[in-house]
Amino acid sequence: MTDGTLVGEIGSLEAYERYDALFNALRREYTKRNMPLKGTFELTPHCTLDCKMCYVHASNGQYPGRVLTGDEWISIIDDAVDAGMLYATLTGGECMVHPDFRRIYEHLKKRGVFVSILSNGTLIDESMAVFLGSMPPHCIRISIYGSGPEGYERVTGSAEAFYKVDRAFDLLHEAGVVTDIAITVCRYNLEDFDNILRYANGKPHARLQVECDMIEPRSETGKKLADFALNLREQERVWHIYKEADGKPFLPLCDKDFDVSTMDSAKPSGENASARTKLPCAAGHCIFYVSYSGVMRPCVEFELVQRNLLNTEFGEAWMAINEAAKAYVRSEECQGCKFLGKCSFCAAIYSKLTGGKNGLPGSLPCDKRYRILRYAIAQKGKEQRSETA
């Protein structure tokens, strides 16, 4: 069964529910067996845009490592598929900038992998839309940065990019390619957020992702998180707006909502013990990330352990990452928290803020998770009161 056959018509919630049910069942089984189910491949750091908050693209085009060739990517992909991988995400930079993007994508499809693409949409012209339509991905997720050319200029440095992206939605729709939308909210488009949300809901898409948890840019980019990240009050406002907005279902940023304690073989003993041990997400348990230079780690943000696939066998690299994910233990402060087991803990974000692997995260992520939890409890209370009224 191909990706396109499983997904069905664009925007089919039933198709997505079937896909999600299959993926969830597989990732539980793969985690029990310590096998890699899904890989994300950062094909290139290069991009057609120069977004002010990008964690990987360097404005000067200078990077510490070389970009893997198409042959090298295909070799890694073959090793991953032979090890059990069934799902793959292609990202960048802008992944379509890679000179062998089409060959890499086509190879994944021929190996029977469910493929998702993360793109800014600027390179999706008639030719690319026809190519993708001829062998559809599970979905392509288009990032949008403004509600018009002015907003795009402010965030990406290119007003013209808005018109290219706007056209890309129509081309993909005509080609029958399932499209999701991602909105990253930062200081440069916060005031435009309401308009961006309205623009997104007016385009043909299946699901929507809104995120304001930022990644600390890599050193070569010359960017700093503090220059574009929202403060806690701003993040809370964004979160409330998109949770209460009418429109398509929302997507999480990653698989961080995956609780390994749902698997019998992964359940440690003791009350709330599952929240104290192991990474509480799929990272390293059944998913992995490979950077443009061939470095594998549990996820894009978390350098808990990493191996270079140019000088390490895939199986050996995966084993090191899997063992580290299973051995991870939260800090004593987290273990003593009354919200243990309820917090949407992200080890990668906490690690970046503390400089350690599992230290105390500090007030910002803790306060944000507390506010989100408090909001969720209040919303559940409203629903219950409404049902009994």
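Taken over region 57-91, the residue count meeting the criterion of being modelled with pLDDT of 95 or more and either at negative phi or of a type in the set (Lys, Arg) (or both) is 24.
Considering every residue within region 311-332, establish whether at least one is of a type outside the set (Lys, Arg), at pLDDT below 75, farther than 30 Å from Glu72 by Cα and not in a loop (DSSP other than H, G, I, E, B). Yes, region 311-332 contains a residue that is of a type outside the set (Lys, Arg), at pLDDT below 75, farther than 30 Å from Glu72 by Cα and not in a loop (DSSP other than H, G, I, E, B). Residue pairs whose Cβ atoms lie under 6 Å apart, sitting 6 or more positions apart in sequence or on different chains, and linking a residue in region 206-222 that is assigned by TED's automatic domain parsing to the domain that holds Thr179 and of a type in the set (Ser, Thr, Tyr) to a partner that is buried (at least 19 other Cβ atoms within 10 Å of the Cβ) and modelled with pLDDT of 85 or more, are Thr221/Ala58. Cβ separations smaller than 6 Å between residues 6+ apart or across chains give the following pairs from region 97-121 residues that are closer than 15 Å to Met85 by Cα to residues that are of a type in the set (A, V, I, L, M) and part of a loop (DSSP other than H, G, I, E, B): Lys109/Met135.
Looking only at residues of region 133-164 that are over 23 Å from Asn201 (Cβ atoms) and in contact with a Leu (Cβ under 9 Å, 6 or more places away or on another chain), we find that the one that is surrounded by the most Cβ atoms within 10 Å (Cβ to Cβ) is Ser158. Number of residues in region 98-121 that are polar (S, T, N, Q) and part of a strand (DSSP E or B) equals 2.
The values are calculated or read from the model by the stated rules, or taken from the named source; none is laboratory data. Being a predicted model, the structure only gives us computed values, none of them experimental. Don't worry about glycine lacking a Cβ; one is built from the backbone with ideal geometry, like all the others, and counts go over all protein chains shown.
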